[in-house]
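Student: Quick one: this structure, given as structure tokens, is what I'll be asking you about.
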Amino acid sequence: MAENPLREAVTALTHLIHRHGLEEPQILSEASDIIRKLVARDDWLPDDMAQPHPQYYRQYLLYGDPLERFSLVSFVWGPGQFTPVHDHTVWGVIGMLRGAETEQHYRMDEGGLVPVGESARLEPGDVACVSPSIGDIHRVSNAYEDRVSISIHLYGGNIGAIRRSVYVPETGERKPFVSGYSNTVVPNLWPPMN
Ligand code: FE2
């Protein structure tokens with residue numbers, strides 16, 4: 001079968017997740033290598049999974065592990081779009097495919113949310129991680145006001161179905177949140193690329 005980078009990444013991730021006894025740092029390290037390889041080229045994302053919405057950022061499920069051990073999502077940012085401050089509750093790896101995004105981490109303090117460090121900018125090929133153990137609360141924005149950006153997100157669970165939280169930045173108030181997916185159809189196989 002002709003190569004398909006998305007399929008290769010899913011296969012490698014399935015092998016990784018299937019290995020027993022791995023600690024999170026090792027999973028994040030090896031998963032980051034897989035995602036870095038995936039976003040090293042930008043010729044494989046189906047157009048259906050790259051469509052922005054004029055008002056909302058889109059989250060297209062590219063692959064959902066049948067045992068819900070991981071999910072792979074394309075985040076499509078319209079110009080100037082951004083997320084609320086949110087958490088994930090599972091580990092995640094973000095790979096920048098197209099355009100650029102900025103990410104600001106936060107932590108909970110007694111008085112509310114406190115920014116952690118400077119905001120980071122991800123350029124195509126860059127990879128970043130989140131998890132409850134290394135920092136799980138952040139806001140992500142399209143770095144561009146005039147163009148679409150796309151990043152590929154891997155999570156250690158079925159992220160669209162996980163009960164998690166968004167936060168009111170000023171007060172730290174948490175609100176329940178389930179993101180769902182933007183797909184109308186969820187494929188699990190992809191045609192070979194020529
Ligand atoms: Fe996030």
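Just so it is clear, none of the values below were taken in a lab; they were calculated from the coordinates. Everything quoted here is computed from the prediction, not taken from an experiment. We place every Cβ from the backbone using ideal geometry, glycine too, and count neighbours over all the protein chains shown.
Student: Just round it to a whole percent: the fraction of Cα-Cα distances in the stretch 101-149 exceeding 16 Å. The partial results should precede the final answer.
Tutor: Numbers: 532 of 1176 pairs.
Counting every Cα pair in the stretch 101-149, those more than 16 Å apart make up 45 percent.
Student: Can you compute the helix-only [θ] at 222 nm over the chain? Use -39500 (n - 2.57) per DSSP H run of at least 4 residues, normalise by all residues, nearest 500 deg cm²/dmol.
Tutor: Working: 2 runs with 29 residues, N = 194.
Here the helix-only value at 222 nm equals -5000 deg cm²/dmol.
Student: I'd like the trypsin sites (Lys or Arg not before Pro) in the stretch 1-39 restricted to DSSP loop residues with at most 12 other Cβ atoms within 10 Å, sorted by number.
Tutor: Details: sites: ARG7, ARG19, ARG36, LYS37; in loops: ARG19.
Within the stretch 1-39, the qualifying trypsin sites (Lys or Arg not before Pro) (loop, at most 12 other Cβ atoms within 10 Å) are ARG19.
Student: For the stretch 87-194, list log₁₀ I(q)/I(0) at each q in 0.14, 0.19, 0.20 Å⁻¹, using the Debye formula over Cα point scatterers of equal strength and ignoring solvent, two decimals each.
Tutor: Calculated log10 I(q)/I(0) at the listed q: -0.66, -1.15, -1.24.
Student: Which whole-angstrom value gives the distance between the alpha carbon centres of the stretch 1-46 and the stretch 159-182?
Tutor: Each part reduced to its Cα centre gives a spacing of 26 Å.
Student: How far is helix 24-38 tilted off the main Cα axis of the chain, in degrees rounded to 10, range 0 to 90?
Tutor: 60 degrees
Student: Relative to the longest principal axis of the C-alpha atoms of the chain, give the angle of the C-alpha long axis of helix 5-18, reported between 0 and 90° and rounded to the nearest 10°.
Tutor: 70 degrees
Student: I've got another one for you. At most 16 other Cβ atoms within 10 Å and a DSSP loop assignment: could you name the GluC sites (Glu not before Pro) in the stretch 88-130 that fit?
Tutor: Working: sites: GLU101, GLU103, GLU110, GLU118; in loops: GLU110.
In loop regions of the stretch 88-130 (DSSP not H, G, I, E or B), the sparsely surrounded GluC sites (Glu not before Pro) are GLU110.
Student: Find the relative contact order for the chain and round it to a whole percent, using C-alpha pairs within less than 8 Å whose residues are 6+ positions apart. Before the final figure, lay out each step's value.
Tutor: Values: 428 pairs, mean separation 52.8, N = 194.
With pairs under 8 Å counted, the relative contact order is 27 percent.
Student: Please arrange THR171, THR102 by how many other C-beta atoms lie within 10 Å of their C-beta, fewest to most. Spell out each step's value before the answer.
Tutor: Working: THR171 10, THR102 17.
Ordered from fewest to most neighbouring Cβ atoms within 10 Å, THR171, THR102 come out as THR171, THR102.
Student: Mind listing the Cα extents of the chain along all three principal axes, in Å, largest one first?
Tutor: 56, 44, 29
Student: Here's a follow-up. Once you have all Cα-Cα distances for the stretch 1-93, histogram them in 5 Å bins from zero and send the whole-percent values.
Tutor: Answer for the stretch 1-93: a P(r) of 2, 11, 20, 23, 20, 14, 7, 2, 0 percent.
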